[in-house]
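These notes are about the structure you will find just below.
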Amino acid sequence: MIKGKYILGSRNDPGDVRRNNEDRVWVGEIERNGWGTLIVGVVADGVGSAEGAAGAQMAIDVVKRKITNSNGDDIPQILIDAIGAANLAVYNKNEEVGGNGLTTLVACIISNDRCYIGNVGDSRAYWIESGTKGKGKISQLTKDHNYYNIYGGVDPESQEGEVLVNYIGKKPDVFVDIDFYLKDDSSRELRISGAKGMPLKPGDSILLCSDGLIKKDRLGNRYAEDDEIVNALITESESDKAAVKMVSAAVGRRPDDNVSAVTIQYLSSEILETINANQRREKTTLHLRQALPLFGILVLVIIGIFSGKAYTTYTTNLTPVVITNTPPPTLQATNTIFVSSPSDTVGRLINPNGSAQDLVNGIYTISIGSRIETFAGVSNINLADGTVLYLSSGTIFVFTKIENGVEIRLEQGSIMSKLGTSAISLSIQSATGYTAQVRGSIMGVQFISVPPGPGIYVDCFEGHCSIVGGNLSLQDVEAEDRYNFYSLVGATHSDQPQRCQYWNDVLGQEITVPLGIIFDSTEINGSLPEPTSTRRVVYPTPTKKRDDDGGNQPVATP
């Protein structure tokens with residue numbers, strides 16, 4: 001334990017034994033001559049295979065050396081100078097050998113129980129607050145330096161939007177971001193000056209990580225979820241254990257990147273007691289899970305013995321029984337919904353009066369203005385008229401009408417709807433004013449913000465659909481003409497295989513195939529063409545980023 005209260009940890013994993021490890025991490029104490037001791041953590045995610053790995057290691061070495069040789073109490077300036085020196089060192093090395101070893105870097109300094117962050121790229125810093133009853137809250141502190149965050153104008157989830165524009169080693173100077181970026185209760189971003197740092201209290205933790213820990217897979221699921229990260233920090237009190245636990249969770253899901261984490265936990269005797277209690281509770285739960293299969297086998301043996309005897313005695317009196325899947329409950333009131341998801345917590349239901357509650361599997365009462373926010377994987381919401389809404393992760397919508405036809409306003413994400421037999425219609429309005437309506441059967445609506453939008457994709461798979469809004473007059477979309485792209489420039493056809501692939505990705509084939517939405521990649525030789533209706537965005541001249549398989553990926557230059 002550092003200074004009697006800090007537990008430090010780190011973990012770096014390639015994610016796959018066949019993958020080059022370009023991540024580098026370091027955490028520890030740095031003694032400055034005559035200026036006291038600082039706790040320092042650094043994560044660097046190299047770009048460019050072996051060159052990127054070398055650049056990441058050089059950047060960390062220079063940061064450590066510059067902080068060791070620093071003086072004074074202006075920690076933000078010390079961070080800026082150290083990271084700037086690391087950038088110049090990597091840049092000069094690239095110029096000397098004709099290399100392209102770029103890297104991201106996020107660094108943290110703890111001084112007098114205050115946290116200071118310096119960031120370049122998309123490696124991240126998180127603050128995990130102490131909570132009641134052994135729980136905690138996780139908040140992202142840094143902002144990724146990608147095209148969308150810096151320039152805007154594209155879909156934040158698109159490949160173009162996620163292109164990085166700020167690296168260590170690309171130019172002689174670099175932008176070092178020392179501010180904190182937090183979100184309020186309405187998810188608005190608040191930029192807070194990092195000049196004075198952020199005070200920490202017992203129970204708080206700081207996490208630095210490469211993007212491999214928190215990236216999403218093709219279905220939009222995180223490799224390490226927030227609750228897994230929090231759980232690791234509130235159940236482990238030994239060096240490296242929390243970092244190992246959360247990285248292992250990500251690696252177990254076969255990520256497509258290296259995975260790294262640095263943890264700094266601020267503990268007290270009371271917090272340690274809470275962590276120990278959490279550990280005991282976790283071990284008890286694990287033992288019960290391990291014992292359940294054995295108990296189940298014992299029960300089956302006993303049942304088998306008695307069933308054998310019963311079968312011999314009563315065979316002639318048996319009546320065949322057919323077991324069917326249990327349907328969702330019948331909702332008697334029009335202002336009720338039934339939520340179903342493989343995840344324990346689907347998201348939040350925010351009532352018109354501002355009160356909120358977690359959405360778990362079960363029945364809920366809604367009213368006009370009720371807001372649904374999902375943050376789990378694919379979830380289903382069954383309406384009283386029998387309609388089922390299949391929601392992708394991160395979907396947000398508001399009920400604007402719930403009787404004589406349901407109307408909702410889609411603010412983010414994607415909804416696939418299958419109307420119930422008693423449903424009149426379903427209308428989905430985008431935040432930009434378009435309204436799509438389906439009568440009959442199946443319609444998918446995706447909110448988009450990329451040029452030439454903003455607008456919505458509307459896919460009419462069965463029945464009769466229509467759309468109106470913006471500069472569009474009412475337009476019918478029949479099932480045989482079901483792949484259409486709508487934006488501010490009007491209505492145009494979009495690519496059929498690409499739209500099928502989209503719904504398969506965000507919902508999964510276990511949902512889309514029964515609905516009749518089938519995509520076979522062999523039809524287009526496994527590649528997805530660009531939709532002809534989407535305007536190409538012009539980006540800065542790209543450099544090339546070599547991935548682990550030897551291919552090339554674009555990296556924009558700011």
inquiry  = Which of ARG11, ARG18, ARG114 has the fewest other C-beta atoms within 10 Å, and how do the rest follow up to the most?
reply    = ARG18, ARG114, ARG11
remark   = A chain fully extended from LYS201 to LYS93 at 0.36 nm per residue, minus the present Cα-Cα distance, gains in nm 34.8 nm
key: Computed FRET value (nearest 0.05) for THR68 with SER355, which takes r as the C-beta separation and R₀ as 60 Å   = 0.70
key: Residues VAL438, VAL43 arranged by fewest to most Cβ contacts within 10 Å   = VAL438, VAL43
query = Roughly how many Å is it from the Cα centre of segment 116-165 to that of segment 51-97, as a whole number?
reply = 22
request  = Could you calculate the FRET efficiency of SER139 with ILE368 from 1/(1 + (r/R0)^6), where r is the beta carbon distance between them and R0 is 30 Å, rounded to 0.05?
outcome  = 0.40
message = Order these by the 10 Å Cβ neighbour count, fewest first: HIS145, HIS464.
response = HIS464, HIS145
From phi via Karplus (6.51, -1.76, 1.60), per-residue ³J(HN,Hα) for segment 411-427 in Hz, x at Gly/Pro = 9, 6, x, 9, 10, 9, 10, 10, 5, x, 5, 9, 6, 7, 6, 9, 10
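Give me the mean projected area, in nm² to one decimal, of the convex hull enclosing the Cα positions of segment 1-77.
Numbers: hull surface 25.0 nm².
Seen from a random direction, the Cα hull of segment 1-77 projects 6.3 nm² on average.
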key: FRET efficiency for LYS5 and GLU31, using Cβ-Cβ distance with R0 set to 22 Å, rounded to 0.05   = 0.80
ask   = On full extension of the chain, what length is gained from ASP61 through GLU129, given 0.36 nm per residue of separation minus the C-alpha to C-alpha distance?
value = 21.5 nm
ask   = Rounded to a whole number, what is D in µm²/s for segment 6-267 from Stokes-Einstein with the Kirkwood radius over alpha-carbon pairs (4 °C, 1.567 mPa s)?
value = 71
key: log10 of Debye I(q)/I(0), alpha-carbon scatterers only, for segment 327-415 at 0.16, 0.20 Å⁻¹   = -0.55, -0.90
remark   = Between LEU272 and LYS183, the two model label points (7 Å from Cα along the beta-carbon direction) sit apart by a distance in nm of 3.6
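The numbers here are math on the coordinates, done by the rules we state, and not lab data. A quick note: this is a predicted structure, and the numbers were derived from the prediction, not measured. Backbone-built Cβ (ideal geometry, glycine too); neighbour counts: all protein chains shown.
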